[in-house]
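J.: Please see the structure below; I have some questions.
Any read-out appearing in this document is the output of simple, stated calculations on the displayed coordinates, not a laboratory observation. Note that the structure is predicted; figures quoted are calculated from it, not measured. For neighbour counting, all protein chains shown are included, and Cβ atoms are generated from backbone atoms with ideal geometry for every residue, glycine included.
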Amino acid sequence: MKLILISRFIDKITLSTFLLLFSLLSYSANEINYVIISGQVINMEYGNPVEGHTIYIISDSTQDGLNGYFNILTTNHEGYYYDTISTSENKGSLIIYTYDHYGKSVDTTVHFRFIYREYSVIIANFVIYLPYQAEQLQARFKYVQKSGGPKNKFSFFDQTNNNHIISWHWDFGDGSISTLQNPVHEYQSCGLFKITFTVTALVNNTPLTSTITKQLYISTREYYHIGGHAFSEYFPIDMGHAYLYLIDSLDNYIAIDTIAFDTLGYYYFYQVPEGDYLVKVEPMRESEYYGILLPTYYGDKLFWDKALTIHLTNTCWEYNINLAYSDGVLTGSGSISGNVEYVNQPRSPLDYSAVGVNMYLFDDSENVLTCHYTDVNGDFFFNLIELNTYWLYPEVTGVLAEEISVELTPETPSINNIEISIQSNSISYVIPGEEMNPGEIVGLPYPNPVSGTLNIPLQTNSGDRISVEIFDIYGHKVFSGQVDPMINYNNYPISTTCLINGTYILRAKINERAYDRVFVIAR
């Protein structure tokens, strides 16, 4: 984690300087993200801003992000405090707290997440008890967003405790003013605004004036919280993970967040931008339900293409998920194992293993027998299972896949080293010993679908004459090449980077005998 306090004395700066800093960060292309924190302390009894009050900010040890952060701030003459934190974390939580006159703690937990933005603005105000007499006249007001209208439209209400007010003056912080007692104002842009409210009233027949300010932040995008319970019938599961996926405008499924939950079975995601999402929950490997309860999406569906989409437009804690039970596996002497890896994915060269992929095991009647997750090396195992015909299904959110037929017999009780490749929108596989049909010397091309290099398994002799041609679905030849059996004695690679997405026919000629294979290019 990288954590930098922009200014140790940022609480000393004026709000105008703070707004300038906010404006500059709004257009920053810096890779570091910024958490901008501000708030105001108000006297509960009299409504006046509290100057010189101490505010504490500390990282929330129960959540990820900003671990070990701590800062002490002091409010200025308008009751404001400010802090700016830069971090490489993409989410986190902070606890902001203070004390009232009697030493009673008043606190709030705030959350931030960086999606579609380089900064997160947090406004955390405090109203505390302080038995200090205010001035004879103290301006007070509140604002609320107009319900059912534009998000930039607000109603402002005078709450000054005086029955002899003779004038009101509002400065909305965007160059607009009003002299009404309770005006309505619509902002023409998003941002952080300082509202200044001034009242003039007769106090003992003498005109007095009082002014107070408040901050209003209008985000370019709304952010909400979502959560729910993960149930096993009527009871929450003991321990598990919840996954959040964003569905973007191109129908890509993007993993946004993962959280662990305990015996209460409750999951939650804070500060999620409005949009379309999928949520999946699953038991942890350490859970007593691992392999018994199946990973399940919101809508109580096993697979992502059947899941209900969450159209997030408000905070909701009722996205409950009831995990389905598996049918169970009969014991025996058989085993199935393999490895799953990413191919042509934007990942670190050292990180090709696909961790946590849900590997489903079906019987020949399409009953779900169990589900295991790939380990840190991308490996999966189904051990001590009955000799039978099975279907493997690798479930990766947003990626298309087909079931893989595996038959365990007394002659072949174990099938190991199955290779499964995850590409951007499809999954392909190779089962050792099944690349070639008996009597044939040209195997099935893999990976299929392909997005980069297509491999053709060959079983040839040094004197064979071998050529390869590729035709599109209209019969046009789009590739031809000669194969040297001395070099390509068991595999012939072909780059498909110059071919567009679609279905193709590969024709390999071995000593004038033709072998046709179909493959798909999908990027």
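J.: Can you list the aspartates and glutamates whose alpha carbon sits under 13 Å from that of LYS509, skipping same-chain ones fewer than 8 residues off?
T.: GLU440, ASP464, GLU469, ASP484
J.: List the aspartates and glutamates whose alpha-carbon lies under 13 Å from that of LYS142, not counting same-chain residues fewer than 8 positions away?
T.: ASP158
J.: Still on this model: Within the range 43-59, which residues have the backbone N less than 13 Å from the label spot 7 Å out from ASN125 along Cα→beta-carbon, could you tell me?
T.: Taking a point 7 Å out along Cα→Cβ of ASN125, the residues of the range 43-59 whose backbone N falls under 13 Å are 43-44, 47-50.
J.: How much FRET efficiency would the formula 1/(1 + (r/R0)^6) give for TYR99 and ARG285, where r is the Cβ-Cβ distance and R0 is 45 Å, rounded to 0.05?
T.: That pair, TYR99 with ARG285, gives E of 0.55.
J.: Nearest-5 percent of antiparallel DSSP beta bridges in the range 202-309?
T.: 95 percent
J.: Quick check on the chain: helices-only [θ] at 222 nm, where DSSP H runs of length 4 and up contribute -39,500 (n - 2.57) each and the sum goes over total residues. Nearest 500, please.
T.: Per the formula, -500 deg cm²/dmol.
J.: Given labels modelled 7 Å from the Cα in the Cβ direction, how far is it in nm from GLU366 to GLU402?
T.: It works out to 1.7 nm between the two label points.
J.: Using only the alpha carbons of the chain, determine the length spanned along each of the three principal axes and report them from longest to shortest in whole angstroms.
T.: If we take the Cα atoms of the chain, the spans are 113, 51, 42 Å.
J.: I need to check one value: relative contact order of the range 223-322, counting alpha carbon pairs closer than 8 Å and at least 6 residues apart, in percent.
T.: 36 percent
J.: Still on this structure, I have one more. State to the nearest 20 debye the size of the charge dipole of the chain about its Cα centre, where the only charges are +1 on K and R beta carbons and -1 on D and E beta carbons.
T.: Magnitude of the dipole: close to 2180 debye.
J.: Another question, if that's okay. Please list the non-local residues whose amide H lies under 5 Å from the amide H of VAL399, H modeled 1.01 Å from N, same-chain partners needing a gap of 5 or more.
T.: Long-range HN contacts for VAL399: none found.
J.: Please list 3J(HN,Hα) in residue order for the range 97-110, calculated via the Karplus relation 6.51 cos²θ - 1.76 cosθ + 1.60 where θ = phi - 60°; whole Hz, with x for glycine and proline.
T.: 8, 8, 10, 8, 4, 9, x, 7, 6, 10, 9, 8, 9, 10
J.: Let me ask you something else. Please express the shape of the range 437-523 as an equivalent ellipsoid: the semi-axes are the square roots of 5 times the eigenvalues of the C-alpha gyration tensor, given largest first in whole angstrom.
T.: Square roots of five times the eigenvalues give 21, 13, 12 Å.
J.: Next question. Relative contact order of the chain: what whole-number percent is it, with Cα pairs under 8 angstrom and at least 6 residues apart?
T.: With pairs under 8 Å counted, the relative contact order is 7 percent.
J.: List residues of the range 77-105, by number, whose backbone nitrogen lies under 16 Å from a label position 7 Å along Cα→C-beta of TYR56.
T.: Residues passing the 16 Å test: 94-105.
J.: Separate question: Mind listing the phi-derived Karplus ³J(HN,Hα) values for the range 304-309, rounded to whole Hz, using 6.51, -1.76 and 1.60 with θ = phi - 60°, and x for any glycine or proline?
T.: For the range 304-309, the Karplus-derived couplings read 4, 6, 10, 5, 7, 7 Hz, x marking Gly and Pro.
J.: As a test, work out the antiparallel percent of DSSP beta bridges whose residues both lie in the chain, rounded to the nearest 5.
T.: 85 percent
J.: For the residue pair ALA260 and SER335, what label-to-label distance in nm results when each label sits 7 Å from Cα along the Cα-to-beta-carbon direction?
T.: 2.9 nm
J.: Does a label point 7 Å from the Cα of GLU469, set along Cα-to-beta-carbon, have any residues of the range 487-507 with amide nitrogen under 13 Å, and which are they?
T.: 505-507
J.: If you don't mind, there's one more thing I want to ask. Calculated FRET efficiency, ASN488 and LYS301, Cβ-Cβ r, R0 56 Å, to nearest 0.05?
T.: 0.80
J.: At 0.36 nm per residue, and after removing the present C-alpha to C-alpha distance, how many nm does the segment from THR503 to HIS476 gain when stretched out fully?
T.: Here the segment from THR503 to HIS476 would lengthen by 8.5 nm.
J.: Simple spin-label model, 7 Å along Cα-to-Cβ: VAL203 to ASN511 in nm?
T.: About 10.9 nm separates the two model spin labels.
J.: Calculate the length of the line joining the C-alpha centroid of the range 205-230 to that of the range 231-298, in whole Å.
T.: 32 Å
J.: Put one equal scatterer on each alpha carbon of the range 374-484, apply the Debye formula with no solvent term, and list log10 I(q)/I(0) at q = 0.11, 0.19, 0.23 1/Å to two decimals.
T.: With one equal scatterer per Cα and no solvent, log10 I(q)/I(0) is -0.50, -1.17, -1.40.
J.: OK, next. Projecting each Cα onto the charge dipole of the range 363-515 (Lys/Arg +1, Asp/Glu -1 at the beta carbon, about the Cα centre), which of ILE456, PRO485, LEU384 comes out farthest on the positive side?
T.: PRO485
J.: For the chain, find the longest principal axis of its Cα atoms and tell me its angle to the long axis of helix 15-26, 0 to 90°, nearest 10.
T.: Helix 15-26 sits roughly 20 degrees off the main axis of the chain.
J.: Now, a different point. Straight-line reach from LYS280: which lysines fall under 16 Å, measuring Cα to Cα and dropping same-chain residues less than 8 apart?
T.: The reachable lysines, counting only those whose Cα sits under 16 Å from LYS280, are LYS301, LYS306.
J.: Once R0 is set to 60 Å, what does the formula 1/(1 + (r/R0)^6) return for the Cβ-Cβ distance between ASN322 and SER167, expressed as a FRET efficiency to the nearest 0.05?
T.: That gives a FRET efficiency of 0.50.
J.: Pull out the extension gain between THR409 and THR453, defined as 0.36 nm times the separation in residues minus the alpha carbon to alpha carbon distance; nm, one decimal.
T.: Additional length available on full extension: 12.5 nm.
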